[in-house]
Amino acid sequence: MKVCVVNIGERPLMPTTPRKAKILLREGAAKIFRRDPFTIQLLSDCHGYIQPATLGIDAGYLNIGYSALNQTAELIGGEVKMLEGMSQRISEKLKYRRTRRNRLRYRAPRFNNRRRNNGWLTPSIEHKLDTHHRLIDRIKSVLPIETVVIEVANFDIQKIKNPEISGNGYQQGEQNGFDNLREYLLHRDGHKCQHPECKNKSKQPNLQVHHLGFWKNPPDRTDRPGNLITLCNKCHTPAQHKKKGKLFGWEPKIKPFKPETFMSTVRWRLAKDTGYKATFGYITKAKRRILKLDKSHHNDAFVIAGGEYQTRCEALNLVQIRGNKRSMEQFYDAKYLDIRDKVPKSGTELFSGRRTRNNNLNSENLRVYRGHKLSKGQRRVKKLRYRYQPHDEVEFEGAVFEVVGMQNKGTGVKLKDYPGIKNKVVKISAVKSVKKRGGICA
């Protein structure tokens, strides 16, 4: 793995070897500029030779693949696992906000301040787009990136609708149009045989495309997605196409021809609004097969960037960690012992059954099954931002532990995987900070 270098003005230079970076740091000619990826900054003015690099991004919903390379070698590459659970956190924020506003008895009417600007996105999708921008900006800040190429979807919907569309990425062979359509069908059907009576037990079945309307009069053999479905080679045989076969007269309900909202958004925002080049998954897959590379986000990004014969580098896998929990108030439900099965349950589970004032919607009154009260409900208010956040690393008794959280108004630190104790709480004065982990980090 190369070490990234920036000059005294924070302009990216060509990466160097770990050995040379260690010498520069030891002699005081450089200092540490960033940890992930590891970057040093020269302390004297330097105008070095720069060879422009290309950055390939495999855009995804949960994982991002990235690879930066020049004509001879891959400079950096790996995967980023994005933060999950944003929708749940937004719902929790909505719950607390509604509770707070309901306490305002004479709250002024607000009906004209909820207008959405053009290009508005849901907060969860906006967060994922921001993560892509943040990753690209971070790599461009430490490497001389000239071109950014992004894979925005597995298939090109516009090409399916209009095969006459022209462009550099659309004329790479006579089978390109079919590869695009086939990739969409496999993606839509989850790369599985869709026949309910399929008995193929192979771990990697040979999947094929089947025309549903072949038996109609007149037969429908069009290549529109609504007439195509994924089958394995054992179900898609000539015998099954005959009148007594299981494919004759079979007309299942097909999923609607609708792309994933996120991938469509990425295509518009990352490729068009930013000026980055765009490519599609079916093109990447064809090139990856030629290069005989395994399927991974890192390898896809390498192919997207135009990689062929370049020397590969060790993958730098990153993860996105929540930086700070902004909720100042947390509610903990009471716990009761259910007298039916002697299992502890929350007060929400053993509720009265009343949902609204309409008696028709009320359910069974489960409060009668509340036994011994194990713990009472409580509201905890965070009055300050604590020193340590979850996933930070601290040193305690000569060993390094991961922080689970803080307790007792920030005076106690809860450590993960302490020997013999699941989550041990120690005084904050007894631990020493090792590494802060928040945002995109290794």
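The values are calculated or read from the model by the stated rules, or taken from the named source; none is laboratory data. Every value quoted in this text rests on a predicted model; they were computed, and no experiment measured them. Note that each Cβ is placed from the backbone with ideal geometry, even for glycine, and that neighbours are counted across all protein chains shown.
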Point to revise | Complete set of residues in the range 304-326 that are surrounded by 13 or more Cβ atoms within 10 Å (Cβ to Cβ) and out of contact with any strand residue (DSSP E or B) (no Cβ under 7 Å at 6 or more places or on another chain) | key: R322, K325
Exercise for review: Report, by residue number, each residue of the range 223-241 that is without any contact (Cβ under 8 Å) to a residue 40 or more places away in the chain and either closer than 15 Å to L185 by Cβ or surrounded by fewer than 16 Cβ atoms within 10 Å (Cβ to Cβ) (or both).
Suggested key: R224, G226, N227, L231, C232, N233, H236, T237, P238, A239, H241
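Just for the range 39-72: of the residues that are in contact with a Lys or Arg (Cβ under 8 Å, 6 or more places away or on another chain) and surrounded by fewer than 22 Cβ atoms within 10 Å (Cβ to Cβ), which one is modelled with the lowest pLDDT?
Y61
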Check your understanding: Taking interchain pairs and intrachain pairs at least six residues apart, which have beta carbon atoms under 7 angstrom, with the first residue in the range 183-209 and farther than 20 Å from K246 by Cβ and the second of a type in the set (A, V, I, L, M) and modelled with pLDDT of 85 or more?
Key -> L186/L207; H191/L207
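I'd like to know if the range 397-414 contains one or more residues that are of a type in the set (K, R) and at pLDDT 90 or above.
Yes - at least one qualifying residue is present in the range 397-414.
Working only within the range 99-122, note down all residues that are among the polar types (S, T, N, Q) and in a loop (DSSP other than H, G, I, E, B).
N112, N113, N117, N118, T122, listed by residue number.
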Exercise for review: Take the range 197-217 and flag every residue that is touching a strand residue (DSSP E or B) at 6+ places or on another chain (Cβ under 9 Å) and not aliphatic (A, V, I, L, M).
Suggested key: C198, N200, S202, P205, N206, Q208, H210, H211
Check your understanding: Which residues, counting only those in the range 375-410, are over 26 Å from K335 (Cα atoms), of a type outside the set (D, E) and in contact with a Ser or Thr (Cβ under 9 Å, 6 or more places away or on another chain)?
Key -> R387, Y388, V394
Check your understanding: Which numbered condition trips up T131, out of (1) in contact (Cβ under 8 Å) with a residue 12 or more places away in the chain; (2) not assigned by TED's automatic domain parsing to the domain that holds C313?
Key -> (2)
Practice item. With the condition kept exactly as written, say whether any residue in the range 159-180 is at pLDDT 70 or above and aliphatic (A, V, I, L, M). Key: no
Practice item. Could you grab me the full set of residues in the range 386-442 that are under 29 Å from the mean Cα position of the chain (by Cα) and among the hydrophobic types (A, V, I, L, M, F, W, C)? Key: V394, V400, F401, V403, V404, M406, L415, V434, I440, C441, A442
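So which of H187, H195, H191 is assigned to a loop (DSSP other than H, G, I, E, B), buried (at least 16 other Cβ atoms within 10 Å of the Cβ) and either aliphatic (A, V, I, L, M) or at pLDDT 80 or above (or both)? Walk me through it before giving the result.
Details: H187 fails: assigned to a loop (DSSP other than H, G, I, E, B); H191 fails: buried (at least 16 other Cβ atoms within 10 Å of the Cβ).
Being assigned to a loop (DSSP other than H, G, I, E, B), buried (at least 16 other Cβ atoms within 10 Å of the Cβ) and either aliphatic (A, V, I, L, M) or at pLDDT 80 or above (or both) holds for just one of H187, H195, H191, which is H195.
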Check your understanding: Which residue pairs have Cβ atoms closer than 6 Å, lie 6 or more positions apart in sequence or on different chains, and pair a first residue in the range 85-102 that is surrounded by 10 or more Cβ atoms within 10 Å (Cβ to Cβ) with a second residue that is assigned to a helix (DSSP H, G or I)?
Key -> M86/S124; M86/H127; S87/S124; I90/P123
